[in-house]
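The values are calculated or read from the model by the stated rules, or taken from the named source; none is laboratory data. A quick note: this is a predicted structure, and the numbers were derived from the prediction, not measured. For neighbour counting, all protein chains shown are included, and Cβ atoms are generated from backbone atoms with ideal geometry for every residue, glycine included.
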Amino acid sequence: MNSSLKVEPSILSREFNAPRQLVFDAWTQVEHLTQWMFPMQGCKCEYVSADIKTGGSSLHKVIMPNGHEMFLLTKFEEVSSPDKIVFLQYMSNAEGEIVPSNHMPNWPKDMRATVLLEGDGDKTQLTFLWEPVNPTKEEAEAFEASRSEHGKGWGAGLEQLHLYLASK
């Protein structure tokens, strides 16, 4: 691995009409996560395990409208209420073992997400940074080649969060 290879993160920003603590809780509490941690309406999210704290991990399953199941393992590097969450997320199997992405060859093995929350009363500004960790040249190229699509994945998830918070 080439630790000197630097890739600019993808950055998504959203403003929510919700207090910062509620937005933070929506990212860190299973009862909230199951209501929005999926890419589109019609999906379901179930947690197999959840130890959402600095150094903890979680395993959840997204069930697509067509019945396809996708497991995701999340390893939390930092959980600081109410303003910051940093995690690595991986495709996995039902046992929580990391598996390669079958969607893109050379997809970075380690992807870090950083969620920054700034609150002002009943409004919260969320900044989401997504970046490969110590990517190989091929992984960096795969990430860059897909950059125009990054807003569709996490952007769709943030739209589900927006819909969920609007219902609170």
Would you say LYS61 is among the basic types (Lys, Arg), under 13 Å from GLN29 (Cα atoms) and free of Cβ contacts under 8 Å to residues at least 60 places away in the same chain? no
Give the range 87-122 a look and list any residue that's basic (Lys, Arg) and either at positive phi or in contact with a strand residue (DSSP E or B) (Cβ under 6 Å, 6 or more places away or on another chain) (or both), or say none. ARG112
Just give me the residues in the range 11-43 being of a type in the set (Gly, Ala, Ser) and at pLDDT 95 or above, in sequence order. SER13, ALA18, ALA26
Taking the condition part of a strand (DSSP E or B), more than 17 Å from VAL7 (Cβ to Cβ) and not hydrophobic (A, V, I, L, M, F, W, C), does THR124 pass? yes
Scan the range 57-69 and tell me whether some residue there is touching a strand residue (DSSP E or B) at 6+ places or on another chain (Cβ under 8 Å), among the charged types (D, E, K, R) and more than 20 Å from GLN41 (Cβ to Cβ). no
In the range 103-121, which residues are exposed (fewer than 13 other Cβ atoms within 10 Å of the Cβ) and either in contact with a Cys (Cβ under 8 Å, 6 or more places away or on another chain) or assigned to a loop (DSSP other than H, G, I, E, B) (or both)? HIS103, PRO105, GLY121
Do the conditions hold for SER4, that is, is it at pLDDT below 95 and over 13 Å from the mean Cα position of the chain (by Cα)? yes
3 or more residues surrounded by fewer than 16 Cβ atoms within 10 Å (Cβ to Cβ): qualifying strands (runs of 3 or more DSSP E) within the range 1-86: 10-16, 44-50, 69-80
Breaking point among (1) without any contact (Cβ under 8 Å) to a residue 24 or more places away in the chain; (2) assigned to a loop (DSSP other than H, G, I, E, B), for MET91: (2)
Answer yes or no as to whether ASP122 is touching a residue at least 60 places away in the same chain (Cβ under 8 Å) and among the charged types (D, E, K, R). yes
Selection over the range 138-168 where residues are more than 15 Å from TRP27 (Cα to Cα) and surrounded by 17 or more Cβ atoms within 10 Å (Cβ to Cβ) yields a count of 4
Residue set PRO100, PRO135; condition surrounded by fewer than 15 Cβ atoms within 10 Å (Cβ to Cβ) and outside any strand (DSSP E or B); output residue PRO100
